[in-house]
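What follows is a single structure, written as structure tokens, with notes after it.
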Amino acid sequence: MDAILLAAGNSTRFGENKLLYSWNGKELYRYGLDLLVCLQQEQKIRRLLLVTQYDAIIAVCGRSYPTVTIVRNRAPELGISHSIALGLFALDKTEPASDACLFFVADQPELTKTTIIKFVMSWEVGKSKILACACGKTVKNPVIFSADFYRELSELTGDTGGKQIILRYPQKTELFQAAEKELEDIDTKPERI
């Protein structure tokens, strides 16, 4: 399994670049990146790609994360679908061929290593076509897609993510239950006291 960290958004609702925002003393994007690097070190994922538009993130990765492949998104206004397509295109150019991909967003700082390892292990045991984190019936990120869905994921447009594929194939989707707090994504700046 490979992984793609999506870190190219414009943070419109946040009011500034949320990925570089200090969250409990650490830049927001680094929570997900550090988790994925841990998974890579433990050989739970093979290749790790990070899709971003930000020079600051690219610079840090170049210095501190040598196993991460950077994919630059020069047109983030095209939405998350463009980042997904760029990541999959870059993954398609590597050998051996990818059999599945863990898609991870860069704004879930409460997600724990324990949960992610259980999530990946659940995929390995079940070998479902799609495995999505969820709170009850509400689908959340991260999501693992088998390579069977790469073409359809690459054809998404606008600010449409993989949820469209999940809705199209409910019979091929399994839900992995996780705590709502862990799956919460940060869209607005927290109020400071």
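Over all other residues within a Cβ to Cβ distance under 9 Å of Asp148, the charged ones net out to +2, with Lys and Arg as +1 and Asp and Glu as -1. Between the amide H of Glu110 and any residue lying 5 or more places away or on another chain, no distance stays under 5 Å, with hydrogens modeled in the peptide plane.
Beta bridges per DSSP, both residues in the range 2-183: antiparallel share near 35 percent. Here the range 97-193 carries DSSP beta bridges of which approximately 65% are antiparallel, counting only pairs with both residues inside. What you get for the chain, charging only the Cβ of Lys and Arg (+1) and of Asp and Glu (-1), is a dipole of about 140 debye around the Cα centre.
Rg/Rh for the range 108-193 (Cα atoms only, Rh after Kirkwood) is 1.01. Under 5 Å between amide hydrogens, built in the peptide plane, is the criterion, and for Phe176 it picks out Ala132, Cys133, Ala134 among residues at least 5 positions away or on other chains.
I need to check one value: relative contact order of the range 2-183, counting alpha carbon pairs closer than 8 Å and at least 6 residues apart, in percent.
On the way: 310 pairs, mean separation 45.9, N = 182.
So the answer I get is 25 percent.
Panel order for Asp34, Asp2, by other beta carbons found within 10 Å of each beta carbon, from fewest to most: Asp34, Asp2. Which of these values of Cα extents along the principal axes in Å was calculated from the structure shown: [x] 69, 34, 24; [y] 57, 29, 29; [z] 45, 37, 34? Answer label, from the structure shown: [z]. Coupling constants for the range 39-52 follow from the phi torsions by the Karplus curve (6.51 cos²θ - 1.76 cosθ + 1.60, θ = phi - 60°), and in residue order they are 4, 5, 5, 8, 6, 8, 10, 8, 9, 10, 10, 10, 9, 8 Hz; glycine and proline get x. Distances between placed amide hydrogens fall under 5 Å for Asn73 paired with Thr52, Gln53, all partners being 5 or more residues away or on another chain.
Annotation: aspartates and glutamates with alpha-carbon distance below 14 angstrom to Lys163 (same-chain offsets under eight excluded): Glu152, Glu155, Glu174. Of the residues Gly87, Ser122, Leu153, the one whose Cα sits farthest towards the positive end of the charge dipole of the range 2-183 is Ser122 (charges of +1 on Lys and Arg Cβ, -1 on Asp and Glu Cβ, taken about the Cα centre).
So for the range 103-150, what percent of the C-alpha to C-alpha distances run longer than 16 Å? Every Cα pair in the range 103-150 considered, those over 16 Å come to 41 percent. A simple spin-label model places the labels of Lys137 and Gln43 4.2 nm from each other, with each point 7 Å out along Cα-to-Cβ.
Modelled spin labels at Glu180 and Ala97, positioned 7 Å past Cα toward Cβ, are 4.2 nm from each other.
With each run of n ≥ 4 DSSP H residues scored as -39500 (n - 2.57), what mean residue ellipticity at 222 nm is computed for the chain after dividing by its residue count and rounding to the nearest 500 deg cm²/dmol?
-10000 deg cm²/dmol
What size of dipole, in debye to the nearest 20, comes out for the range 1-112 about its Cα centre when the only charges are +1 on Lys and Arg C-beta atoms and -1 on Asp and Glu C-beta atoms? Intermediate results must be reported in sequence, preceding the final value.
Numbers: 11 positive and 12 negative charges, 34 e Å.
That gives the range 1-112 a dipole magnitude of about 160 debye.
Full extension of the segment from Gln171 to Leu20, taken as 0.36 nm per residue of separation minus the current Cα-Cα distance, would add 50.6 nm.
Each value in this text was obtained by applying a stated rule to the coordinates, not by laboratory testing. Please read all numbers here as calculations on a predicted model, not as lab measurements. Here Cβ is always computed from backbone atoms with ideal geometry, including for glycine, and neighbour counts include all displayed protein chains.
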